[in-house]
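Beneath this line is the structure, given in structure tokens, with notes to follow.
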């Protein structure tokens, strides 16, 4: 696996009137991990139809190889149940969020482990009672016909196929986009639908998103543009479109650049609105060097990028956003930063469109003191009332991370 070095430059800045604080938000820690039940949840959470939350932890569990957990509301709080403790052969070190099918089964990936040691795609199938059974869908292998070390969440298409990214392996060694198709007689078949070559992007870490026409969109953390500007290229936003012969055509929608007018090195996937606009983040670059939130809008002949917010290291704003955005019904955007804020342990923020652009509000600054968590690396999800839910990789009552809720 190639080594990537991301440098977050320092710049002294004074930002006035660009960031506001909200006193109407309340954070509640729903669960503090204690290592036995999980450790270091780097992935976010997802809801099922009954209001239960599901997620993964990178470490912890019976053998220390990570867990899948459920949090269920009990009237006075939340009850945690460990659904799966990974054991290496069945995968270990899950970094990705989960996805549910219509029957409530869970699907995900592990960064490492499996029979060949390069990660797996798996299903946790709900059986009778409270039991769950892990089913391996694919064990990744080190060859030019497979990808390795998957870190992204999976996404379903309308036919029940699963899609994901892996930042290593593939024909050129710069990662791939893979498809998993259920076989009629049981099991799943894997196909690499795109091999990255760094020229048009490489090392994709984030998950994918579909539009209504069946096209896939994602980000690549390096590649594209000029390799002389960033060490391995500054990253891209790409589109994969299915063709009539069953193949996929790849198009670069945006090449990030290493200057103050753009972000670079995107790690998270994208979200899409009903008009087909794409939204995402980069942990580096922008006006102050601490990352951006951006929008890509389809225009005649291509796509137009708009920077919605430049993150700044000013003692208030968050910086280095590595997780995806979420969007509410009014079009406001929500996300997390892994550092920055009032205590430099990360933030939850909101971006609202105004007549003069977008305005950021800090909803919560994480604090390492007490039971609060810190370092939220993934994004958040919203419930039907607009409350926010997410994870922190560290902190909490035992120091091994938390699941939190922010209400307003």
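The values are calculated or read from the model by the stated rules, or taken from the named source; none is laboratory data. Just so it is clear, the structure is predicted and the values come from calculations on it, not from any experiment. Counting neighbours? That spans all protein chains shown, and the Cβs are built from the backbone with ideal geometry, glycine included.
Go through the range 365-378 and report how many residues are under 17 Å from residue 25 (Cβ atoms) and within 18 Å of the chain's Cα centre (by Cα).
2
Step by step: first the residues of the range 65-95, then only those that are closer than 19 Å to residue 121 by Cα and assigned to a loop (DSSP other than H, G, I, E, B), then the one that is nearest to the chain's Cα centre (by Cα). Which residue is that?
95
Tell me, which residue of the range 385-403 that is at negative phi and assigned to a loop (DSSP other than H, G, I, E, B) is nearest to the chain's Cα centre (by Cα)?
Step by step, filter the range 385-403, then rank; the result is 393.
Quick check on residue 45: is it under 30 Å from residue 313 (Cα atoms), at pLDDT 95 or above and buried (at least 23 other Cβ atoms within 10 Å of the Cβ)? Walk me through how you get there before you give the answer.
Details: under 30 Å from residue 313 (Cα atoms): yes; at pLDDT 95 or above: yes; buried (at least 23 other Cβ atoms within 10 Å of the Cβ): yes.
Yes; evaluated as a whole, the condition is true for this residue.
Regarding the range 112-127, can at least one residue be identified that is within 22 Å of the chain's Cα centre (by Cα), assigned to a strand (DSSP E or B) and more than 24 Å from residue 182 (Cβ to Cβ)?
yes
Please give the number of the condition residue 133 fails out of (1) touching a strand residue (DSSP E or B) at 6+ places or on another chain (Cβ under 7 Å); (2) farther than 30 Å from residue 279 by Cα; (3) assigned to a loop (DSSP other than H, G, I, E, B).
(3)
Out of everything in the range 163-191 that is over 21 Å from the mean Cα position of the chain (by Cα) and in a strand (DSSP E or B), what residue ends up being surrounded by the most Cβ atoms within 10 Å (Cβ to Cβ)?
190
Out of 280, 335, 346, 323, which single residue is crowded, with 19+ Cβ neighbours inside 10 Å, under 20 Å from residue 392 (Cβ atoms), under 21 Å from the mean Cα position of the chain (by Cα) and touching a residue at least 60 places away in the same chain (Cβ under 8 Å)?
Details: 280 fails: under 20 Å from residue 392 (Cβ atoms); 335 fails: touching a residue at least 60 places away in the same chain (Cβ under 8 Å); 346 fails: touching a residue at least 60 places away in the same chain (Cβ under 8 Å).
Answer to the check: 323.
Quick check: is even one residue across the range 305-314 surrounded by fewer than 20 Cβ atoms within 10 Å (Cβ to Cβ), at pLDDT below 95 and out of contact with any helix residue (DSSP H, G or I) (no Cβ under 9 Å at 6 or more places or on another chain)?
yes
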